[in-house]
Amino acid sequence: MSATGDNRSANEVLNLLEKAKVLVFDFDGTLVDSNEIKRKAFEQCFADYPKYFGAIIEYCRGNNHTPRQIKFRHVFENILQQPYTPEIEKEMLDRYASETTEPVMAAAEIPGATRFLQNVFLKKDIHLLSSTPHPFLEIILEGRGLRKYFKRVQGAPVNKTDWLKEFEKEDVFIGDSKEDCRSAKEAGISFVAVGGELKGETKYWIDNFEKFF
């Protein structure tokens, strides 16, 4: 594992990762370019509510790591002012899954992600922590051929902060969002941000994984 070019941040991240015994990865937006797929799925799920569409999408996009069933309940009970019945929940969850599972399985990876996993697979314990419901996460990982790299996989329902607390402060959580950053900080472990959302806001940041080859 090496950093290329004169990117100071990449070299600092390299040093951090080399000291860690364990690397924990988020999934969407960290390893796979799938955030927009997930966002658009909510738009499809609520396309029949144009009067409330703006408020719905603002809420959904502003709560990225809130489990989808909690989002659906909030929208129906607090925005649409309608009962959220078990039948409606099943319909919405099925619709969301149909809009995301196959597209995420086929989505482009964050550049260099798979090669990076291959390089660290025999050197570190690697885990995956995601807000995607666990059964769907397992299906997607198997479909992308990534499941074999992770010692443990944990999807929703999960409290990311609590789950990360079992690791040492030298271990590293790699994610792409403010929620990921906050979870790592509250758990007392290091955090590396991937992509543009947190550029300049975290000590350790990379735009993708290609700098390590």
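The values are calculated or read from the model by the stated rules, or taken from the named source; none is laboratory data. Everything numeric here is computed off the predicted structure, so don't read it as measured data. No Cβ is skipped: glycine too gets one built from the backbone with ideal geometry, and neighbour counts run over all protein chains shown.
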*Any residue in segment 49-65 that is hydroxyl-bearing (S, T, Y), touching a helix residue (DSSP H, G or I) at 6+ places or on another chain (Cβ under 6 Å) and over 28 Å from L164 (Cα atoms)?*
yes
*Tell me which residues, restricted to segment 179-196, are closer than 13 Å to T30 by Cβ and touching a residue at least 60 places away in the same chain (Cβ under 8 Å).*
E179, D180, V192, V194, G195
*Regarding A106, is this residue surrounded by fewer than 15 Cβ atoms within 10 Å (Cβ to Cβ), of a type in the set (A, V, I, L, M) and under 13 Å from V32 (Cα atoms)?*
yes
*asked:* Against the definition (without any contact (Cβ under 8 Å) to a residue 24 or more places away in the chain and among the aromatic types (F, W, Y)), how does F53 come out, yes or no?
replied: yes
*Here are some conditions: (1) out of contact with any helix residue (DSSP H, G or I) (no Cβ under 7 Å at 6 or more places or on another chain); (2) in a helix (DSSP H, G or I). S131 meets all but one. Which one does it not meet?*
(2)
*From (1) in the same structural domain as V158 (by TED's automatic domain parsing); (2) at pLDDT below 95; (3) buried (at least 19 other Cβ atoms within 10 Å of the Cβ), pick out the condition that doesn't hold for N15.*
(3)
*Could you check Y84 against (1) at pLDDT 95 or above; (2) surrounded by 16 or more Cβ atoms within 10 Å (Cβ to Cβ); (3) touching a helix residue (DSSP H, G or I) at 6+ places or on another chain (Cβ under 8 Å); (4) in a helix (DSSP H, G or I) and say which number it fails?*
(4)
_Looking at Y59, Y96, can you tell me which residue is within 23 Å of K178 (Cβ to Cβ), hydroxyl-bearing (S, T, Y) and touching a His at 6+ places or on another chain (Cβ under 8 Å)?_
Y59
*Name the residue, out of N15, N119, that is without any contact (Cβ under 8 Å) to a residue 40 or more places away in the chain and polar (S, T, N, Q).*
N15
